[in-house]
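Notes to accompany the following structure.
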Amino acid sequence: MRAGRQRHGPKIVAATRQYGFDTDRDDDAPPRVPVRSVAFGHDDGDQWRASIRLPADEGAIVEQALRETRDRLHTAARTAARDRAEAEGRSTAGTDRELGVEKVTFADAVVGMAHSVLAHDAEGAEVASRPGVLVHLQAPVGDGEAWRAEMHMGPTLPDTLRRYLLCDADISVVWETDGHPVQVGRTHRIVPRRIRRLIEHRDGGCRVPGCDSTLWVQVHHIIHWEDDGETVTWNLICLCGRHHRMHHMGLLGITGNADLPDGVVFTDRHGRRIRPAGHPTRPTPEAMPVVDPYDGPTGERLQKKWVSFDRRPPTRHREPAA
């Protein structure tokens with residue numbers, strides 16, 4: 001038998017995707033914050049390399065963008081191959097190999113995405129891509145069972161990420177009989193567009209004290225949708241992506257009535273209240289301190305000839321007497 005790294009077959013990989021995440025851990029331990037990092041540069045040769053780590057939902061958005069870019073490049077390459085075949089009097093029907101279509105890889109898709117962004121001045125980068133993540137959700141059937149969610153063709157999601165995604169998503173109901181899907185219902189949004197506009201106009205951005213972010217704002221259910229929370233204005237609040245993820249990881253508590261100006265209470269992971277920042281008030285003349293007038297420099301020119309420095313010999317370290 002040859003020693004070395006053991007390779008896992010596709011059946012083992014597919015089976016491990018169905019495993020749930022381990023939730024039996026110490027409650028006092030801090031939650032595991034997902035890593036978001038990008039590193040890139042040149043290696044010892046002339047190659048450029050990159051490494052990206054993102055949460056599963058954001059990674060799915062990047063994957064979808066790569067796949068759509070690759071498909072678009074492949075369509076363009078096939079169209080060019082058919083035009084060449086027509087100009088040469090050959091048949092325009094056939095497979096990619098018969099037409100001589102150039103192979104398009106994900107590396108080509110990365111470069112194509114870069115060209116697209118630069119050509120359009122990164123237009124739309126500040127807008128969140130809501131349809132970018134496809135999750136298969138299974139509702140609990142009996143008592144004691146929990147909701148279960150899986151990324152499309154991917155792993156099972158932890159509870160924190162599942163609840164985070166379900167706050168503001170599109171739902172398509174699939175009816176099953178004896179475990180077999182028989183009908184797909186109409187797609188509807190958990191937060192309808194008309195209510196979402198009201199919430200965004202009311203909050204004007206992230207409602208967490210001290211946060212003024214208006215980029216990629218998401219709508220959160222204070223009483224969660226899984227816990228029969230209503231999709232009404234008092235139960236909906238705007239959060240930026242960072243604070244929304246922190247809440248579902250247990251790092252930020254949110255309770256109260258969002259329709260009231262001071263009706264929402266925010267707490268940290270230790271239960272301490274996060275109070276809103278105070279507004280500065282203009283000081284009155286009576287509140288100004290009484291100080292002496294400032295005696296500034298005279299503005300005279302420095303005459304270098306009147307400046308001298310005494311050179312001192314360096315101090316020598318002496319050993320202590322025995």
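Tabulated values for the structure
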{"quantity": "Residue-level accessible surface for Asp168, protein heavy atoms, 1.4 Å, Å²", "calculated": "30"}
{"quantity": "Difference of contour (0.36 nm per residue) and Cα-Cα distance, Arg273 to Val110", "calculated": "54.3 nm"}
{"quantity": "Protein-only accessible surface order, largest first, of Ser116, Ser91, Ser213 at 1.4 Å", "calculated": "Ser91, Ser116, Ser213"}
{"quantity": "Segment Ala169-Arg78, extension gain: residue separation times 0.36 nm, minus the distance between their alpha carbons", "calculated": "29.2 nm"}
{"quantity": "Nitroxide proxy distance, nm - points 7 Å out along Cα→Cβ at Ser308 and Arg193", "calculated": "8.7"}
{"quantity": "Cβ-placed point charges (K, R +1; D, E -1), dipole of the stretch 210-316 about Cα centre in debye, nearest 20", "calculated": "1280"}
{"quantity": "Gain on full stretching of the segment that runs from Trp216 to Arg301 - 0.36 nm per residue minus C-alpha separation", "calculated": "24.9 nm"}
{"quantity": "Solvent-accessible area of Cys206 with every protein chain in place, 1.4 Å probe, in Å² to the nearest 10", "calculated": "10"}
{"quantity": "Per-pair calculated FRET efficiency, R0 = 30 Å: Ser51 and Thr92 via Cβ, rounded to 0.05", "calculated": "0.10"}
{"quantity": "Computed accessible area, Met151, all protein chains, 1.4 angstrom probe, square angstrom", "calculated": "20"}
{"quantity": "Rough spin-label spacing in nm, given labels placed 7 Å along Cα→Cβ, for Asp44 and Asp159", "calculated": "4.9"}
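The values are calculated or read from the model by the stated rules, or taken from the named source; none is laboratory data. Predicted model only: the values in this text are computed from it and were never measured. All Cβ positions, glycine included, derive from the backbone under ideal geometry; neighbour counts span all protein chains shown. When the accessible area is computed, the model is the full protein with side chains, heavy atoms only, and any ligands, DNA or RNA have been set aside. Shrake-Rupley method; radii C 1.70, N 1.55, O 1.52, S 1.80 Å.
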